[in-house]
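Novice: Sharing a structure with you now.
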2 protein chains.
Amino acid sequence: MTVSRVLRNRGDVSATTRERVLEAAKTLGYVPNKIAGALASQRVNLVGVIIPSFGNLVFPEVLAGISAGLEETGLQPVVGVTDYSPEKEETVLYEMLSWRPTGVIIAGLEHTDAARAMLENSAIPIVEIMDVDGAGIDSVVGISHQRAGRHMAEAILRAGYRKIGFLGTKMPDDHRARKRLAGFRAGLAEAGLTIADEEYYAGGSALAKGREMTETILARSPDLDFLYYSNDMIGSGGLLHCLDKGIDVPGQIGLAGFNGLPLLDGLPIKLATMDACRREIGIKAAEIIAGRPHSGVIGGELVELEPRLEPGDTIRKS
Amino acid sequence: MTVSRVLRNRGDVSATTRERVLEAAKTLGYVPNKIAGALASQRVNLVGVIIPSFGNLVFPEVLAGISAGLEETGLQPVVGVTDYSPEKEETVLYEMLSWRPTGVIIAGLEHTDAARAMLENSAIPIVEIMDVDGAGIDSVVGISHQRAGRHMAEAILRAGYRKIGFLGTKMPDDHRARKRLAGFRAGLAEAGLTIADEEYYAGGSALAKGREMTETILARSPDLDFLYYSNDMIGSGGLLHCLDKGIDVPGQIGLAGFNGLPLLDGLPIKLATMDACRREIGIKAAEIIAGRPHSGVIGGELVELEPRLEPGDTIRKS
DNA sequence: CCGATTTATGTTAGCGGTAACAGTTGAGGC
DNA sequence: GCCTCAACTGTTACCGCTAACATAAATCGG
């Protein structure tokens, strides 16, 4: 018992015994067993984090934010990956909850019924991140992708573009990309416009893909004057393609992506994009978990971050 | 007890009771407590993974490999981040070991004495990844960065370049970058050459940084005919700078980076690089952990992967 | 110098499962 | 009809630690 007290810095222990214990622990190479500790104390310093993939740059950045936000709190993130599969999400979640974490941070608002039920019954703080377009279970931290799409549409229209193409991913379970597109369509619709042509691809986002797709869509619809990409990676690929072909950007064709990847600053000209506040989302989510010591699931917070439009150099000045 | 058997699919349970148990578990929303289970069975389905940072693209890719390799094994990775700090590594490691994971995958061969002692005493499989230049504790999976640097030097010399500049990060604890540079120097030394000029930066790798540094070093040493970058990100930045300035690449100046980030395929011309086998390293490491059911720490495996030189378009054909 | 605190250490009973073993039942062999 | 054995279900004793409480030693005001 005294050892337990020394190692957790709890309760009063005389300086001498403390020393002796520390000494002994060191020479023995003793590492306390948190499993037993957690079972006895009903406290677990783990936070479950569930994301769709490591492949999309966005999630490592969110993780970095979570890591940073959890720093100093004694909490440790445990990451699970769903590969954009709702069933896998369910499995991973079950697995996580069986470790009785202090909280769960999970990407997106769309879950299977079973997953939703588990989250609701878990009686721990839940933070759904990235997206605020929909009903959350407990707390929600993210941006409105719908609104982000709409704002981009408005900015594009304001700049005078009219024949607009969309290039994006095929993933049906990427709800955020879907909502962005829906918002974008809505924005155009308000001006009586629709998307003039679209091009989809599967697989990770990469510059080369963006080039190909851009070439394809422009070959098919040479009269497009704007291309909206579902992410910065393919957007930048498109940008490079246009520059290669001597297309005047943003005069002849305007371009925009999404995410605000700082990674890509440094391209010949800067792609218009919208910052998804990835790091902030991670930090904020971590704070919410850390800030709820043992409070039962009372009211969840709703934190909506405002994506900044970064016009870059690929949209005409209106 | 019967419930335990049903939920773990172990031992004989009649079909009817099995049904009843499953039924009850579902209606109650019962999620078994792995903490108790692990304590009782002395089995934990977690694998500790310790990496320096999420910021460097390389590690998310390794993680993706680990995730993939662990798929189907019932093991779950738990990630800890050290920020390239040996002390933090020690802390994170202690934390992890206290959960008695099935194994630990840790980046690098350099650890504090205490960390090394913990790993040695842990009596679980340890896999040190990324780097094979040095003494491992148990298993090691990686590439020789020393040799990678040397090979790059040889390739550059073979192509006829002679006034060679190096651009890299300042991080003293990025041992792999350091070893690459040492190997590179050794390669040059064999031809009686040294690095003609060098330029360092701090902070994450980014295109824009690469541009700046390249401009700086070329302003200072306009007679350089080759630039070796410590990673592809800044290398690509440098490439873009050179193209911007109308510098003939690879005629007037050759360029090379390191990592083989597929992300960047699609730039106007392809940067010479060397693949670090990130994903394979992750997969292999996962397999080693998964493949050692309960075997005490017998002989560790040493898996050295061979980085492929991808000459791209930025080295003259020799 | 004593009772009341305060400080320091020890004791006991779980936490929620699982290993190991102990029953109980029914089917089948002879 | 008795025995054997597999198929099923139950009992008991922990796993290694901590909460809660109990006890012992040191401190202290009056």
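The values are calculated or read from the model by the stated rules, or taken from the named source; none is laboratory data. Quick caveat: nothing in here was measured; it's all calculated off a predicted structure. Because the Cβ atoms are built from the backbone with ideal geometry, glycine has one as well, and the counts that use them run over all protein chains shown. For accessibility, only protein heavy atoms count, side chains too; no ligands or nucleic acids. Shrake-Rupley method; radii C 1.70, N 1.55, O 1.52, S 1.80 Å.
Novice: Given the Cα atoms of the protein assembly as shown, and with Rh set as the inverse mean 1/r over their pairs in the Kirkwood sense, what is Rg to Rh to two decimals?
Specialist: Using only Cα positions, Rg/Rh for the protein assembly as shown is 1.00.
Novice: Filter the cross-link list A:Lys245/B:Lys209; A:Lys270/B:Lys209; B:Lys179/B:Lys209; B:Lys179/B:Lys284; A:Lys209/A:Lys245; A:Lys88/B:Lys26 down to pairs whose alpha-carbon distance in this structure exceeds 25 Å. If you can, show how the numbers build up before the last one.
Specialist: Working: A:Lys245/B:Lys209 27 Å; A:Lys270/B:Lys209 15 Å; B:Lys179/B:Lys209 22 Å; B:Lys179/B:Lys284 22 Å; A:Lys209/A:Lys245 16 Å; A:Lys88/B:Lys26 18 Å.
Pairs exceeding 25 Å: A:Lys245/B:Lys209.
Novice: Oh, and also: To the nearest 10 Å², what's B:Phe184's accessible area with a 1.4 Å probe?
Specialist: So the heavy atoms of B:Phe184 present about 0 Å² to solvent.
Novice: Can you list the copy-to-copy distances for A:Arg158, using a point 7 angstrom from Cα toward Cβ, in nanometres, shortest first?
Specialist: Label point to label point, same position, other copies: 5.6 nm.
Novice: Springs between alpha-carbon atoms under 10 Å, Gaussian network over chain A: tell me which of A:Pro86, A:Pro222, A:Pro60 tops the mean-square fluctuations.
Specialist: Fluctuation is largest for A:Pro222.
Novice: Restricting to bridges with both residues inside the protein assembly as shown, how much of the DSSP beta-bridge set is antiparallel, in percent to the nearest 5?
Specialist: Values: 4 of 76 bridges.
Approximately 5 percent, going by the DSSP bridge assignments.
Novice: What are the distances, in nm and sorted shortest first, from the label point of A:Ala191 to the label points of the same position in each other copy, with each label point placed 7 Å from Cα along the Cα-to-Cβ direction?
Specialist: 5.6
Novice: Okay, next question. Am I reading the B/A interface right? What is its buried accessible area, both sides, 1.4 Å probe, to the nearest 100 Å²?
Specialist: Working: alone 15270 and 15260 Å², together 26270 Å².
Protein heavy atoms only, the B-A interface buries about 4300 Å².
Novice: Further question: Using only atoms on other chains, find how many Cβ atoms lie within 10 Å of each Cβ of peptide B:23-30 and report the average. Mind dumping the intermediate values first?
Specialist: On the way: counts 0, 0, 0, 2, 0, 1, 6, 1.
Per residue, the number of nearby Cβ atoms from other chains is 1 on average.
Novice: Okay, next question. Given the options B:Leu93, B:Leu264, B:Leu22, state which has the largest fluctuation in a GNM of chain B using a 10 Å cut-off (strictly under) for Cα springs.
Specialist: So, out of B:Leu93, B:Leu264, B:Leu22, the one fluctuating most is B:Leu22.
Novice: Please give the solvent-accessible surface of B:Arg178 in Å², to the nearest 10, using a probe radius of 1.4 Å with every protein chain present.
Specialist: Solvent-accessible area, nearest 10 Å²: 120 Å².
Novice: Could you give the Stokes-Einstein D for chain A in µm² per second, using the C-alpha Kirkwood radius, 10 °C, 1.306 mPa s?
Specialist: Numbers: Rh = 21.7 Å.
Rounded, D is 73 µm²/s.
Novice: Related question: Mind checking which aspartates and glutamates have their Cα closer than 18 Å to the Cα of A:Lys317? Skip sequence neighbours fewer than 8 apart in that chain.
Specialist: A:Glu154, A:Asp225, A:Asp248
Novice: GNM on chain B, C-alpha springs below 10 Å: top fluctuator among B:Thr73, B:Thr16, B:Thr216?
Specialist: It is B:Thr16.
Novice: Now for a different question. Give me the percent of the accessible area of chain B that comes from carbon and sulfur atoms, probe 1.4 Å, all protein chains in place.
Specialist: On the way: 6900 of 13130 Å².
About 53 percent, which is the carbon plus sulfur part of the accessible surface.
Novice: So what is the relative contact order for chain A, in percent, with contacts set as C-alpha pairs under 8 Å and at least six apart?
Specialist: In percent, rounded to a whole number, it is 19.
Novice: Any idea what the relative contact order of segment A:145-275 is, in percent, if you count C-alpha pairs under 8 Å spaced at least 6 apart? Write out the running numbers ahead of the final one.
Specialist: On the way: 228 pairs, mean separation 32.8, N = 131.
25 percent.
Novice: Hey, another quick one. Students sometimes get this wrong: rank A:Ile247, A:Ile217 by accessible area, probe 1.4 Å, all chains present, largest first. The partial results should precede the final answer.
Specialist: Details: A:Ile247 30, A:Ile217 0 Å².
I get A:Ile247, A:Ile217, largest accessible area first.
Novice: Using C-alpha positions alone, give me the convex hull volume of segment B:145-275 per residue in cubic angstrom.
Specialist: Working: hull volume 12.3 nm³, N = 131.
So the per-residue hull volume is 94 Å³.
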